[in-house]
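Quick note: the coordinates plus some simple rules give every number you see, no bench work behind them. Quick caveat: nothing in here was measured; it's all calculated off a predicted structure. Here the Cβ positions follow ideal geometry from the backbone for every residue, glycine too, while neighbour counts run over all protein chains shown.
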Amino acid sequence: MDLVEQGKKNIVVNLRNTDYISSAGMKALLWALMKVRRMIPAGDVVISEIQPKLKETFELIGFTHLFKFYGEDVEAVGSF
């Protein structure tokens, strides 16, 4: 959230070492995505190196339709 408030518009969130995200964490990701997509020009928040079990959670709540997912940070950064 600090990055967005500093005016950063293209953000990679690496979830390599993350097994669990609370509802507050999910809300923060969604808030950041909404904020950067409203910027001119629009930005994006992408996810890299997500654990399979955590990606299932993202799928269940519909976040896979909102966020782009990449296997590595280099791919994610290259998407901007």
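Brief remarks on what is shown
- Between Met39 and Arg16, the contour length at 0.36 nm per residue exceeds the alpha carbon distance by 5.5 nm.
- Pairwise Cα separations in the chain fall into 5 Å bins from 0 onward with the following percentages, short to long: 3, 15, 27, 28, 19, 7, 1.
- Computed about its Cα centre, the charge dipole of the chain is approximately 340 debye, with only Lys, Arg, Asp and Glu carrying charge at their Cβ.
- Asn14 long-range amide H proximity, modeled H, under 5 Å: Ser48
- Here Phe67, Phe58, Phe80 are placed in order of increasing Cβ neighbour count within 10 Å, fewest first, which gives Phe80, Phe67, Phe58.
- Placing a pseudo-label 7 Å from each Cα along the Cα-to-Cβ vector at Thr57 and Ala28 gives an inter-label distance of 1.3 nm.
- Annotation note: GluC sites (Glu not before Pro) in the range 3-80 located in DSSP loop regions with a Cβ neighbour count of at most 14 within 10 Å are Glu72.
- Placing unit charges on each Cβ (+1 for Lys and Arg, -1 for Asp and Glu) gives the chain a dipole about its Cα centre, and among Leu29, Thr18, Val74 the Cα reaching farthest toward its positive end belongs to Leu29.
- For the range 49-67 versus the range 1-38, the gap between their alpha-carbon centres in whole angstrom: 14
- Candidate cross-link partners of Lys8 among the lysines, defined by an alpha-carbon separation under 26 Å and a same-chain spacing of 8 or more, comprise Lys27, Lys35, Lys55, Lys68.
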